[in-house]
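The values are calculated or read from the model by the stated rules, or taken from the named source; none is laboratory data. Every value quoted in this text rests on a predicted model; they were computed, and no experiment measured them. Here the Cβ is made from the backbone with ideal geometry for all residues, glycine too, and neighbour counts use every protein chain on show. What goes into the accessible areas is simple: the full protein's heavy atoms, side chains included, and nothing from ligands, DNA or RNA. Shrake-Rupley method; radii C 1.70, N 1.55, O 1.52, S 1.80 Å.
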Amino acid sequence: MRILLWDIDGTLMRSIRNGAYKDYTIPVLEEIFGTSGRLAEMQVSGMTDLQIVFEALSHEGFSQQDIFARVEVLASRLTEEARKITTNGTKFFEVLPGVRETLEVLSQHPRYQSALVTGNIEPMAQLKMQLVGLDKYFTLPGAFGDESHNRRDLPALAAERIRKYLQIVLPPEHFIVIGDTPNDIDCAHHFGARAVAVGTGRFYSNEELLTHQPDSFLPDLSDVDLVLSTLARL
C-alpha cells in the first residue's frame, strides 16, 4: 500500500487569477488584527496559512502564540470570505490538466489511497475540493495549514491519523507527498516519505524543483500512465 498525500494549490487546482488568495485574506487580517502587515508583498506559495499570517504580521509585533490564539476565528472568517467570492457565479478555480482522470484511476487502484496535506486551513481545503468536485477522492484524514506554522509537521500529523483510521502500521516510506513547491519536497523528506514534484505551480521552474532532489518529477498529471508508472517505482 502507498498513501498519497496531496498538496492542493498548484498541484490539483489553481485560482484562475494570480494573487486571488490575497483578495480575501488581506481584509480578514485587517479585521482581526488591525493590519495585514507585509502580506501584499509576500510570495506565499508552499507556506501554511498560519505561517503566512505569522510572517505577514511578525514585524507588527504579533507572535505565533497571538495568531494561534485567534486561529478559530481566523479560519472561520477566511472561509466565509472565500465562500462569498467563489460562489457568486464567477468561475474562480480551475482543475489542472489530468487531475480528475488521475484521481479517478487511483481511486480504483488497490495499492493507493489519498489524503490532503496542504497549507490551506481545513475548511478552506474542503471548500476548494467541493467547488471543483474533487472531494470524493480524498477518503483518508489529512493535515492542514491551521495546525502548524511549519509545513514539515504536516505529513507526520496526517500519517498518525491515517494509521489509526486504517488500523495498520505504515512506515514513513509508504507515504508519497505530491506537490509543486520546494516546501512539499522538504516536508516529505523531513518525515521520511517519498516526494513527487509536479511542474504545474506558478512560482518555481522545473529546474528549481529538481535542485531540491525530489524522488520523482512529473511535468504535470495529464499522462495517467506516466503518473502510475512513476508511483509504482516509489
Lysines whose Cα lies under 27 Å from that of Lys22, excluding same-chain neighbours fewer than 8 positions away: Lys84, Lys91, Lys128
Approximate shape of the chain as ellipsoid semi-axes (Cα gyration tensor, √5λ), whole Å, largest first: 28, 19, 17
Mean Cβ count within 10 Å, highest first, over the residues of peptides 87-96, 144-153: 144-153, 87-96
Alpha-carbon centroids, the range 20-97 and the range 163-234: separation in whole Å: 26 Å
Value in Å of the Kirkwood radius, where the range 36-172 supplies the Cα pairs that are averaged: 16.6 Å
Residue among Pro141, Pro219, Pro155 with the largest mean-square fluctuation in a Gaussian network model of the chain, springs linking Cα atoms under 10 Å: Pro219
Accessible-area composition of the range 103-145, carbon plus sulfur, in percent [1.4 Å probe]: 48 percent
Where the chain is the region considered: accessible area per residue in Å², 1.4 Å probe: 45 Å²
Helix axis angle, 71-86 relative to the chain longest principal axis, alpha carbon, degrees: 80 degrees
Whole-number D in µm² s⁻¹ for the range 105-233, Kirkwood Cα-pair radius fed into Stokes-Einstein, 4 °C, 1.567 mPa s: 85 µm²/s
